[in-house]
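Enquirer: Pasting in a structure now, in structure tokens, and then I'll have a few things to ask.
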Amino acid sequence: MDSEMLTRFFMWGTILNAAFLMVAFMVWVCAADYVYRTHNRLFGISRESFNLVFYVFIGAYKLITYAFFLTPWLALLIISR
């Protein structure tokens, strides 16, 4: 596997994960009540707990994306020049 292929892999991984983060955030903003009602029926979770879990999920997913996709992609871009 050459550095060009790794660079493309991390680039597309970053793009796809960023798109997923945007969709998840938009669902939280636009359809939070529907998602909450569904999860409340399934798990009996309170609104405060639901907001906390979703907020932590978004934050953790963002950190994982930065650490495992964005940072290696930027490092490969830097060393390839």
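Enquirer: Counting only C-alpha contacts under 8 Å and six or more residues apart, can you give the relative contact order of the chain as a whole percent? If you can, show how the numbers build up before the last one.
Expert: Details: 31 pairs, mean separation 48.7, N = 81.
Reported relative contact order: 60 percent.
Enquirer: Specify the angular offset, from 0 to 90 degrees and rounded to the nearest 10, of the alpha carbon long axis of helix 3-43 from the longest principal axis of the alpha carbons in the chain.
Expert: The angle comes out at about 0 degrees.
Enquirer: So, one more: For the pair H39/A75, report the inter-label distance in nm, with labels modelled 7 Å from Cα in the Cβ direction.
Expert: Modelled inter-label distance: 3.3 nm.
Enquirer: Follow-up question, since we're still on this one. Given just the C-alpha atoms of the chain, how large is their convex hull per residue in cubic angstrom? All intermediate terms of the calculation are to be shown ahead of the outcome.
Expert: On the way: hull volume 7.6 nm³, N = 81.
Taking only Cα atoms, the chain has a hull volume of 93 Å³ per residue.
Enquirer: Rounded to the nearest 500, what is the chain's calculated 222 nm mean residue ellipticity when only DSSP H runs of at least 4 contribute -39500 (n - 2.57) each, over all residues? Can you show the working numbers first?
Expert: Working: 3 runs with 69 residues, N = 81.
That comes out to -30000 deg cm²/dmol.
None of the figures in this text is laboratory data; all of them are computed from the coordinates on show. Here the structure is a predicted model, which is why all the values come from computation and not from measurement. When we count neighbours, we look across all protein chains shown, and the Cβ atoms used for this are built from the backbone with ideal geometry, even at glycine.
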